1. Out of D164, D239, D224, D177, which single residue is touching a strand residue (DSSP E or B) at 6+ places or on another chain (Cβ under 7 Å), among the charged types (D, E, K, R) and in a loop (DSSP other than H, G, I, E, B)?
2. Which residues, counting only those in the stretch 153-178, are in contact with a Ser or Thr (Cβ under 9 Å, 6 or more places away or on another chain) and more than 27 Å from S56 (Cβ to Cβ)?
3. Please tell me if H233 is within 16 Å of ligand 2 (Cβ to nearest atom), without any contact (Cβ under 8 Å) to a residue 40 or more places away in the chain and closer than 26 Å to G22 by Cβ.
4. Check the stretch 67-79 and report whether any residue there is away from ligand 2 (no atom under 16 Å from the Cβ), in contact (Cβ under 8 Å) with a residue 24 or more places away in the chain and in contact with a helix residue (DSSP H, G or I) (Cβ under 7 Å, 6 or more places away or on another chain).
5. Within the stretch 167-207, take every residue that is touching an Asp or Glu at 6+ places or on another chain (Cβ under 6 Å) and surrounded by fewer than 17 Cβ atoms within 10 Å (Cβ to Cβ) and give me the one that is farthest from H7 (Cα to Cα).
6. Are any residues in the stretch 188-234 farther than 14 Å from T74 by Cβ, within 16 Å of ligand 1 (Cβ to nearest atom) and in contact with a Ser or Thr (Cβ under 7 Å, 6 or more places away or on another chain), and if so, which ones?
7. With V35, V20 as the choices, which residue is buried (at least 24 other Cβ atoms within 10 Å of the Cβ) and among the aliphatic types (A, V, I, L, M)?
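Every read-out reported here was derived from the displayed coordinates using simple, explicitly stated rules and does not represent laboratory data. Everything quoted here is computed from the prediction, not taken from an experiment. Every residue, glycine as well, gets a Cβ built from its backbone with ideal geometry; the counts of neighbours run over all protein chains shown.
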Amino acid sequence: MITIKSHKEVDLMRQAGKIVAGTFEALRRAVKPGVTTKELDHIAYDYIRSHGATPSFLNYSGFPASICASINDTVIHGIPDDTKLCEGDIISLDIGACYKGYHGDSAKTFPVGKISADAQRLIDVTRQSFYEGIQFATRKNRVGDISAAIGNYVEENGFSVVRDYTGHGVGRHLHEDPSILNFGRPGHGLRLMAGMTIAVEPMVNAGGYGVYVEDDDWTVRTDDGSLSAHYEHTILITDGVCEILTQ
Ligand code: MG
Ligand code: MG
């Protein structure tokens with residue numbers, strides 16, 4: 001079911017989004033060689049709780065942590081543990097916060113120390129693909145317009161978009177309808193309406209688009225071992241330019 005949010009609901013989502021953005025600032029400073037992903041998880045938990053929210057991912061379908069921490073060839077859903085970040089790694093962090101019943105959801109990929117030019121280009125193209133997509137995120141356009149813009153930009157740059165996972169509606173629930181694919185055809189799919197809140201989240205592999213899930217039933221990795229990056233914001237569809245709620 002698609003939900004249109006009231007002004008009051010959007011305002012709560014803005015506040016949830018602000019907490020997510022603040023958590024990213026805390027984590028950005030903490031990401032460096034030697035830190036463990038569990039330490040990053042604790043920083044996020046403390047930040048979110050101390051700002052009156054709860055971590056959306058903690059216990060979501062049994063997920064055991066507050067953030068997803070996905071290193072190098074891990075695409076999404078990496079479980080924080082005692083793994084230490086190493087110089088040259090890239091790490092995708094996915095954060096959700098629930099404030100007074102409403103969620104904000106955002107993800108970014110960070111360099112750990114000095115990284116290769118190829119890894120930096122993957123991060124940059126992934127981020128830019130989000131902005132290419134949301135140029136079309138306005139009332140009366142269709143979901144496929146966003147999807148196609150993301151997928152085309154990624155492929156023009158020689159990378160692949162992951163096909164098995166998608167963006168999504170977000171609000172009272174972390175995952176709501178509709179699904180927002182990261183590839184598709186312009187002019188197809190659901191028509192966007194002002195008041196819809198969606199998480200647009202390209203997941204981009206340096207190699208092929210194939211992925212698999214590890215035995216822990218969470219960790220998603222690239223089939224070919226290539227690097228993967230992620231970029232996500234929760235946005236509000238309006239009559240004009242969309243509003244990014246998680247920055
Ligand atoms: Mg997310
Ligand atoms: Mg999401």
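1. Numbers: D239 fails: touching a strand residue (DSSP E or B) at 6+ places or on another chain (Cβ under 7 Å); D224 fails: touching a strand residue (DSSP E or B) at 6+ places or on another chain (Cβ under 7 Å); D177 fails: in a loop (DSSP other than H, G, I, E, B).
Exactly one residue qualifies, and that residue is D164.
2. Correct list: Y153, N157, F159, S160.
3. Values: within 16 Å of ligand 2 (Cβ to nearest atom): yes; without any contact (Cβ under 8 Å) to a residue 40 or more places away in the chain: no; closer than 26 Å to G22 by Cβ: yes.
Judged against the criteria, H233 is not a match.
4. no
5. Taking the stretch 167-207 as the starting set, the residues that turn out to be touching an Asp or Glu at 6+ places or on another chain (Cβ under 6 Å) are 167, 169-170, 186, 194, 199, 201, 207.
From the residues that got through so far, the ones that are surrounded by fewer than 17 Cβ atoms within 10 Å (Cβ to Cβ) too are 186, 194, 207.
Numbers: P186: 29, A194: 11, G207: 42 Å.
This residue is G207.
6. T197, A199, P202, Y231, E232, H233, T234
7. On the way: V35 fails: buried (at least 24 other Cβ atoms within 10 Å of the Cβ).
Within the list V35, V20, the selection yields V20.
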